[in-house]
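Enquirer: Okay, here's the structure, questions in a sec.
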Amino acid sequence: MKVNMMKVNEIFGPSIQGEGINIGCPSIFLRLSGCNLASCRWCDSKYSWNEGHDLSNSQIREEISRLAEKRSIYHLVITGGEPMMQAKELKKFLKKRPLPWITIETNGHYSLDLLGEYGSVFWSISPKLPSSGCYKPFSDLPTQRFGEILNSQWKFVVSNSDDQVVLWHELQQRFYRNAIIQPCSVEGSLSYRELIEWAKKLWAAGINIRVLPQAHVLAWGQKRGV
Ligand code: SF4
């Protein structure tokens, strides 16, 4: 990778943020290429693992500004793949922001410290559960110590009963701010309604957690770049 360049899979928008507590917010999306896991069974962006081309930080900023121009869009979602694989360049990119409000989506395998001022963006952290095939105990992840930071949300994709057992245990060990259960779009997974019923049991056990669908999947299914 050349200096001041990142490997980009796609830049698109405006569209809605489809996941997490900012569902529905008009946003531009910067999807970076590459993923350190590149094996989650239900990954919906496998095309980002290898596909992509090098763009300079200024080319990326220009494209984002062009897409957002005159449309009152303030929110940029940096996603992947795993964007933190390119943390060094991302840190430089963030010094001159094309939009004022930035969310970074990460799988939790990289310390947020890699970006220096981790407090200046909103973090959407999504540690994987057993159904993904990429589960690691949360205590082994460098992000776990950031569980309580204000500017974060923790998204857990729950597909089956193994995920439920593990997540229940993990949530009893530690508080995660803005914790969210999200259904898995793979056939045979627990439904949104089943997850709401399960969340009632978590609430009864003193665990505060939201249950949110993927809004873009409701609207478009698995279509890419929408
Ligand atoms: S971490 Fe994300 S991008 Fe990487 S394989 Fe898993 S779901 Fe896909």
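Enquirer: Can you work out the FRET efficiency for the pair residue 187 and residue 218, with r the C-beta to C-beta distance and R0 = 22 Å, to the nearest 0.05? List each step's numbers first, then the result.
Expert: Details: r = 16 Å, r/R0 = 0.72.
Calculated value: 0.90.
Enquirer: For the chain, find the longest principal axis of its Cα atoms and tell me its angle to the long axis of helix 57-68, 0 to 90°, nearest 10.
Expert: 70 degrees
Enquirer: Could you tell me what percent of the accessible area of the chain is made up of carbon and sulfur, with a 1.4 Å probe and every protein chain present? Let's see the in-between values first.
Expert: Working: 5420 of 10650 Å².
The nonpolar share, carbon plus sulfur, comes to 51 percent.
Enquirer: A further question follows. Under a 1.4 Å probe, what is the accessible area of the chain per residue, stated in Å²?
Expert: On the way: 10650 Å² over 226 residues.
For the chain, the solvent-accessible area averages 47 Å² per residue.
Enquirer: How large is ³J(HN,Hα), in whole Hz, for each residue of region 109-126 in order, when computed from phi with the Karplus curve 6.51 cos²θ - 1.76 cosθ + 1.60 and θ = phi - 60°, using x for Gly and Pro?
Expert: 8, 10, 5, 5, 4, 4, 9, x, 7, 5, x, 8, 10, 9, 9, 10, 10, 10
Enquirer: Under 1.5 on a/c is rounded, so check that first for region 1-50, then, if it is not, pick prolate when a/b is larger than b/c and oblate when it is not; a ≥ b ≥ c are the square roots of the alpha carbon gyration tensor eigenvalues. Provide the component values of the computation, followed by the final result.
Expert: Numbers: a/c = 2.62, a/b = 1.28, b/c = 2.05.
Since a/c reaches 1.5 but b/c is at least a/b, the shape of region 1-50 is classed as oblate.
Enquirer: Between region 154-226 and region 17-53, how far is it from one alpha carbon centroid to the other, in angstrom?
Expert: Value for the Cα centre distance between the two parts: 18 Å.
Enquirer: Follow-up. Share of antiparallel DSSP beta bridges in the chain, in percent to the nearest 5?
Expert: Details: 10 of 33 bridges.
Once the DSSP bridges in the chain are tallied, antiparallel ones form about 30 percent.
Enquirer: Can you show me the helix-derived [θ] at 222 nm for the chain, built from DSSP H runs with n ≥ 4 at -39,500 (n - 2.57) apiece and divided by the number of residues, rounded to the nearest 500. Write down the numbers at each step before the final one.
Expert: Numbers: 5 runs with 51 residues, N = 226.
Value at 222 nm, helices only, nearest 500: -6500 deg cm²/dmol.
Enquirer: Around residue 113, with a cut-off of 12 angstrom between Cβ atoms, what is the net charge of the other residues, counting Lys and Arg +1 and Asp and Glu -1?
Expert: On the way: positive: 91, 145; negative: 117.
Local net charge: +1.
Enquirer: As a quick test, which of the pairs 96/155; 46/136; 92/128; 91/155; 200/223 have an alpha carbon distance above 26 angstrom in this structure? Let's see the in-between values first.
Expert: On the way: 96/155 28 Å; 46/136 20 Å; 92/128 28 Å; 91/155 23 Å; 200/223 32 Å.
Exceeds cut-off: 96/155; 92/128; 200/223.
Enquirer: Show me, for region 187-192, the HN-Hα J-couplings you get by feeding each phi into the Karplus relation (A = 6.51, B = -1.76, C = 1.60, θ = phi - 60°), rounded to Hz, glycine and proline as x.
Expert: Karplus values, whole Hz, x for Gly and Pro: 4, x, 6, 4, 7, 4.
Enquirer: Also, I was wondering about something else. Could you work out how far helix 161-173 tilts from the main Cα principal axis of the chain, as a 0 to 90 degree angle to the nearest 10?
Expert: 80 degrees
Enquirer: What residue among 63, 148, 117 shows peak mean-square fluctuation when the chain is described by a Gaussian network model with Cα springs under 10 Å?
Expert: 117
The values are calculated or read from the model by the stated rules, or taken from the named source; none is laboratory data. Quick caveat: nothing in here was measured; it's all calculated off a predicted structure. Every residue, glycine as well, gets a Cβ built from its backbone with ideal geometry; the counts of neighbours run over all protein chains shown. Heavy atoms of the whole protein, side chains included, go into the accessibility calculation; ligands, DNA and RNA do not. Shrake-Rupley method; radii C 1.70, N 1.55, O 1.52, S 1.80 Å.
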